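Reading through the C-alpha coordinates given below for one structure.
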Amino acid sequence: MEVLSVNCNKCGGVRPNGKGEIYDTLIVKQIKNMVEDFLELEENNVIFFNEINNAKNNFKAFENLFDEEKYIIHKPSNFEAFNNKNHPYGFTIAITKRFSVWEKTRAIELIDRKSGDLSYANKSVALQNGDIILLGVHIPYDIEYWDEIINYFEKNHEKRIYIVGDYNVFDESNRKLKFEELKTKGAIDVWLNMGGDNSHITCTTGKRLDYLLSSVIGVSSIKKMGYIDSLRLNGFTDHSGVLFEVER
(Lines give C-alpha, C1' and ligand atoms only; values in the text may rest on other atoms or scores of the structure.)
Protein backbone atom coordinates (compact mmCIF):
# COMPACT_ATOMS: atom_id res chain seq x y z
CA MET A 1 0.00 0.00 0.00
CA GLU A 2 1.44 3.36 -1.03
CA VAL A 3 0.75 6.86 0.22
CA LEU A 4 1.48 10.04 -1.74
CA SER A 5 1.38 13.55 -0.28
CA VAL A 6 1.55 16.65 -2.49
CA ASN A 7 1.21 20.33 -1.73
CA CYS A 8 -0.50 21.33 -4.97
CA ASN A 9 -0.33 25.04 -4.20
CA LYS A 10 -4.07 25.68 -4.51
CA CYS A 11 -4.16 23.93 -7.91
CA GLY A 12 -2.45 26.97 -9.31
CA GLY A 13 1.22 26.26 -9.95
CA VAL A 14 3.22 29.45 -9.41
CA ARG A 15 1.12 32.21 -7.83
CA PRO A 16 2.37 35.58 -9.10
CA ASN A 17 -0.41 37.50 -7.35
CA GLY A 18 0.27 35.79 -4.01
CA LYS A 19 -3.43 35.48 -3.19
CA GLY A 20 -4.03 31.87 -4.08
CA GLU A 21 -6.93 32.66 -6.39
CA ILE A 22 -5.48 31.10 -9.52
CA TYR A 23 -7.23 27.94 -10.66
CA ASP A 24 -5.14 26.47 -13.43
CA THR A 25 -7.44 24.11 -15.37
CA LEU A 26 -4.53 22.26 -16.98
CA ILE A 27 -2.86 21.55 -13.65
CA VAL A 28 -6.18 20.41 -12.18
CA LYS A 29 -6.62 17.92 -15.02
CA GLN A 30 -3.08 16.69 -14.46
CA ILE A 31 -3.94 16.19 -10.79
CA LYS A 32 -7.02 14.19 -11.75
CA ASN A 33 -5.00 11.93 -14.03
CA MET A 34 -2.32 11.45 -11.38
CA VAL A 35 -4.93 10.54 -8.75
CA GLU A 36 -6.66 7.98 -10.92
CA ASP A 37 -3.43 6.39 -12.12
CA PHE A 38 -2.04 6.15 -8.58
CA LEU A 39 -5.19 4.81 -6.94
CA GLU A 40 -5.71 2.22 -9.64
CA LEU A 41 -2.32 0.67 -8.80
CA GLU A 42 -3.62 -0.73 -5.49
CA GLU A 43 -7.07 -0.70 -3.92
CA ASN A 44 -5.86 0.85 -0.66
CA ASN A 45 -3.49 3.52 -1.95
CA VAL A 46 -4.01 7.03 -0.55
CA ILE A 47 -3.28 10.52 -1.86
CA PHE A 48 -3.15 13.60 0.37
CA PHE A 49 -3.34 17.05 -1.22
CA ASN A 50 -2.53 20.27 0.61
CA GLU A 51 -3.61 23.80 -0.37
CA ILE A 52 -6.64 22.79 -2.39
CA ASN A 53 -8.45 25.93 -3.55
CA ASN A 54 -11.98 26.51 -2.20
CA ALA A 55 -12.50 30.03 -3.56
CA LYS A 56 -15.19 30.81 -6.16
CA ASN A 57 -16.54 27.23 -6.20
CA ASN A 58 -13.16 25.95 -7.42
CA PHE A 59 -13.27 22.94 -5.11
CA LYS A 60 -16.71 21.94 -6.37
CA ALA A 61 -15.32 21.97 -9.92
CA PHE A 62 -12.40 19.83 -8.73
CA GLU A 63 -14.70 17.45 -6.86
CA ASN A 64 -16.91 16.99 -9.92
CA LEU A 65 -13.98 15.60 -11.90
CA PHE A 66 -14.07 12.37 -9.90
CA ASP A 67 -16.61 9.58 -10.22
CA GLU A 68 -18.15 9.35 -6.75
CA GLU A 69 -18.97 5.70 -7.33
CA LYS A 70 -15.24 4.95 -7.58
CA TYR A 71 -13.53 7.52 -5.36
CA ILE A 72 -14.03 9.25 -2.01
CA ILE A 73 -12.69 12.74 -1.30
CA HIS A 74 -12.14 12.95 2.45
CA LYS A 75 -12.45 16.54 3.64
CA PRO A 76 -11.31 17.93 7.00
CA SER A 77 -13.64 17.71 10.00
CA ASN A 78 -16.04 20.67 10.15
CA PHE A 79 -14.98 21.59 6.64
CA GLU A 80 -18.14 23.38 5.55
CA ALA A 81 -18.68 25.44 8.68
CA PHE A 82 -15.08 26.50 8.99
CA ASN A 83 -14.39 27.33 5.35
CA ASN A 84 -17.65 29.15 4.80
CA LYS A 85 -17.07 31.36 7.81
CA ASN A 86 -13.36 31.94 8.07
CA HIS A 87 -10.91 30.69 5.52
CA PRO A 88 -11.83 29.54 2.02
CA TYR A 89 -8.28 28.97 0.82
CA GLY A 90 -5.76 26.23 1.09
CA PHE A 91 -7.22 23.16 2.80
CA THR A 92 -6.12 19.52 2.98
CA ILE A 93 -7.94 16.51 1.53
CA ALA A 94 -7.34 12.79 1.10
CA ILE A 95 -8.56 10.73 -1.84
CA THR A 96 -9.08 6.96 -1.78
CA LYS A 97 -10.94 4.31 -3.72
CA ARG A 98 -14.52 4.02 -2.50
CA PHE A 99 -14.10 0.47 -1.26
CA SER A 100 -10.68 0.86 0.34
CA VAL A 101 -10.04 -0.13 3.95
CA TRP A 102 -9.69 3.47 5.14
CA GLU A 103 -12.08 5.30 7.44
CA LYS A 104 -11.84 9.01 8.18
CA THR A 105 -11.36 9.91 11.83
CA ARG A 106 -11.16 13.24 13.62
CA ALA A 107 -7.89 15.02 12.91
CA ILE A 108 -6.32 18.24 14.27
CA GLU A 109 -8.64 21.06 15.29
CA LEU A 110 -7.38 24.12 17.11
CA ILE A 111 -9.85 26.04 19.29
CA ASP A 112 -9.24 29.78 19.62
CA ARG A 113 -8.74 30.42 23.34
CA LYS A 114 -10.41 33.84 23.25
CA SER A 115 -13.41 33.29 20.99
CA GLY A 116 -13.90 29.55 21.37
CA ASP A 117 -14.18 29.25 17.59
CA LEU A 118 -12.39 26.71 15.45
CA SER A 119 -9.05 27.88 14.13
CA TYR A 120 -7.10 26.08 11.38
CA ALA A 121 -9.71 23.33 11.22
CA ASN A 122 -8.99 22.73 7.52
CA LYS A 123 -5.31 21.77 7.62
CA SER A 124 -5.39 18.02 8.26
CA VAL A 125 -7.19 14.79 7.42
CA ALA A 126 -6.78 11.52 9.34
CA LEU A 127 -7.50 8.05 7.97
CA GLN A 128 -7.35 4.85 10.00
CA ASN A 129 -7.36 1.11 9.44
CA GLY A 130 -6.73 -1.05 12.49
CA ASP A 131 -3.58 0.19 14.21
CA ILE A 132 -2.49 2.27 11.21
CA ILE A 133 -3.17 6.03 11.27
CA LEU A 134 -2.37 8.27 8.32
CA LEU A 135 -2.41 11.98 9.16
CA GLY A 136 -2.01 14.30 6.19
CA VAL A 137 -1.06 17.81 7.32
CA HIS A 138 -0.30 21.29 6.09
CA ILE A 139 0.99 22.78 9.34
CA PRO A 140 0.40 26.54 9.69
CA TYR A 141 2.84 28.88 11.38
CA ASP A 142 0.77 28.94 14.59
CA ILE A 143 2.78 27.48 17.50
CA GLU A 144 -0.39 26.36 19.25
CA TYR A 145 -1.15 24.15 16.27
CA TRP A 146 2.20 22.46 16.82
CA ASP A 147 1.12 21.72 20.40
CA GLU A 148 -1.97 19.99 19.00
CA ILE A 149 0.21 17.93 16.65
CA ILE A 150 2.41 16.89 19.57
CA ASN A 151 -0.62 15.96 21.69
CA TYR A 152 -2.09 13.95 18.82
CA PHE A 153 1.13 12.03 18.39
CA GLU A 154 1.47 11.31 22.10
CA LYS A 155 -2.06 9.90 22.22
CA ASN A 156 -1.35 7.59 19.29
CA HIS A 157 2.35 6.80 19.55
CA GLU A 158 1.71 3.13 20.36
CA LYS A 159 0.01 2.72 16.98
CA ARG A 160 1.58 2.78 13.53
CA ILE A 161 1.09 6.49 12.98
CA TYR A 162 2.44 8.33 9.95
CA ILE A 163 2.28 12.13 9.79
CA VAL A 164 3.03 13.34 6.28
CA GLY A 165 2.85 16.66 4.48
CA ASP A 166 4.09 20.24 4.41
CA TYR A 167 5.47 21.03 7.87
CA ASN A 168 6.56 24.61 7.05
CA VAL A 169 9.59 24.10 9.24
CA PHE A 170 13.21 25.04 8.64
CA ASP A 171 16.32 25.76 10.65
CA GLU A 172 15.76 29.46 11.30
CA SER A 173 12.18 29.23 12.57
CA ASN A 174 10.72 28.85 16.07
CA ARG A 175 8.67 26.03 14.56
CA LYS A 176 11.90 24.08 14.28
CA LEU A 177 11.97 23.92 18.10
CA LYS A 178 8.48 22.37 18.11
CA PHE A 179 9.55 19.96 15.40
CA GLU A 180 12.46 18.86 17.57
CA GLU A 181 10.14 18.57 20.58
CA LEU A 182 7.92 16.23 18.56
CA LYS A 183 10.93 14.05 17.87
CA THR A 184 11.74 13.90 21.58
CA LYS A 185 8.31 12.30 22.02
CA GLY A 186 9.41 9.44 19.78
CA ALA A 187 8.54 10.70 16.30
CA ILE A 188 11.08 9.52 13.73
CA ASP A 189 12.10 11.50 10.64
CA VAL A 190 11.79 8.62 8.19
CA TRP A 191 13.86 10.23 5.43
CA LEU A 192 16.88 10.60 7.73
CA ASN A 193 16.25 7.21 9.31
CA MET A 194 16.57 5.63 5.85
CA GLY A 195 19.83 7.43 5.13
CA GLY A 196 18.49 10.52 3.38
CA ASP A 197 20.23 13.89 3.34
CA ASN A 198 18.78 16.64 5.54
CA SER A 199 19.78 19.22 2.91
CA HIS A 200 17.47 17.66 0.32
CA ILE A 201 15.34 20.45 -1.19
CA THR A 202 11.58 19.86 -1.36
CA CYS A 203 10.36 23.40 -2.03
CA THR A 204 11.31 26.26 -4.34
CA THR A 205 12.33 28.16 -1.20
CA GLY A 206 15.41 25.92 -1.18
CA LYS A 207 14.42 24.15 2.04
CA ARG A 208 13.21 20.72 3.09
CA LEU A 209 9.67 21.58 4.22
CA ASP A 210 7.96 18.27 3.48
CA TYR A 211 8.34 15.39 5.90
CA LEU A 212 7.18 11.95 6.90
CA LEU A 213 7.31 11.34 10.64
CA SER A 214 6.47 7.96 12.09
CA SER A 215 6.04 6.32 15.47
CA VAL A 216 8.74 3.84 16.46
CA ILE A 217 6.46 0.87 15.86
CA GLY A 218 5.44 2.31 12.49
CA VAL A 219 8.95 2.51 11.05
CA SER A 220 9.30 -1.25 10.81
CA SER A 221 6.34 -1.40 8.43
CA ILE A 222 7.75 1.14 5.95
CA LYS A 223 9.06 -0.60 2.85
CA LYS A 224 10.26 2.55 1.05
CA MET A 225 10.11 6.33 1.22
CA GLY A 226 11.30 9.08 -1.10
CA TYR A 227 10.62 12.47 -2.64
CA ILE A 228 9.13 13.01 -6.10
CA ASP A 229 11.14 16.07 -7.06
CA SER A 230 9.87 16.05 -10.64
CA LEU A 231 6.55 17.56 -9.50
CA ARG A 232 8.45 20.64 -8.33
CA LEU A 233 11.11 20.76 -11.04
CA ASN A 234 8.53 20.46 -13.84
CA GLY A 235 6.42 23.33 -12.47
CA PHE A 236 3.45 21.19 -11.45
CA THR A 237 3.67 22.78 -8.01
CA ASP A 238 6.30 24.44 -5.81
CA HIS A 239 6.76 21.32 -3.65
CA SER A 240 8.16 17.85 -4.14
CA GLY A 241 5.81 14.98 -3.45
CA VAL A 242 6.36 12.61 -0.52
CA LEU A 243 5.86 8.93 -1.38
CA PHE A 244 6.05 5.98 0.97
CA GLU A 245 4.94 2.37 1.08
CA VAL A 246 3.57 0.64 4.17
CA GLU A 247 3.13 -3.06 4.70
CA ARG A 248 -0.33 -3.67 6.17
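Quick notes
- Positions within the range 206-233 being of a type in the set (S, T, N, Q) and in contact with an Asp or Glu (Cβ under 8 Å, 6 or more places away or on another chain), in sequence order: Ser215, Ser221
- Selection count where residues are outside any strand (DSSP E or B) and hydrophobic (A, V, I, L, M, F, W, C), scope the range 208-248: 7
- Counted residues, the range 185-203 - those being loosely packed, with under 15 Cβ neighbours inside 10 Å, farther than 16 Å from Ile161 by Cβ and of a type outside the set (A, V, I, L, M): 4
- Subset of the range 53-80 (residues that are of a type outside the set (S, T, N, Q), within 15 Å of Leu118 (Cβ to Cβ) and touching a residue at least 40 places away in the same chain (Cβ under 8 Å)): Lys75, Pro76, Phe79
- Scanning the range 121-169 for residues that are assigned to a helix (DSSP H, G or I) and of a type in the set (S, T, N, Q) yields Asn151, Asn156.
- Evaluated against (1) surrounded by 15 or more Cβ atoms within 10 Å (Cβ to Cβ); (2) out of contact with any helix residue (DSSP H, G or I) (no Cβ under 7 Å at 6 or more places or on another chain); (3) at pLDDT 80 or above, His87 falls short on exactly one condition, (3).
- Per-region count, the range 102-120, residues basic (Lys, Arg) and part of a strand (DSSP E or B): 1
- Qualifying positions in the range 206-234 - modelled with pLDDT under 95, out of contact with any strand residue (DSSP E or B) (no Cβ under 6 Å at 6 or more places or on another chain) and among the aliphatic types (A, V, I, L, M): Leu233
- Within the range 170-195, being among the aromatic types (Phe, Trp, Tyr) and not in a helix (DSSP H, G or I) holds for one residue alone: Phe170.
The values are calculated or read from the model by the stated rules, or taken from the named source; none is laboratory data. These figures come from a predicted structure and were not determined experimentally. Cβ: placed from backbone, ideal geometry, glycine included. Neighbour counts: every protein chain shown.
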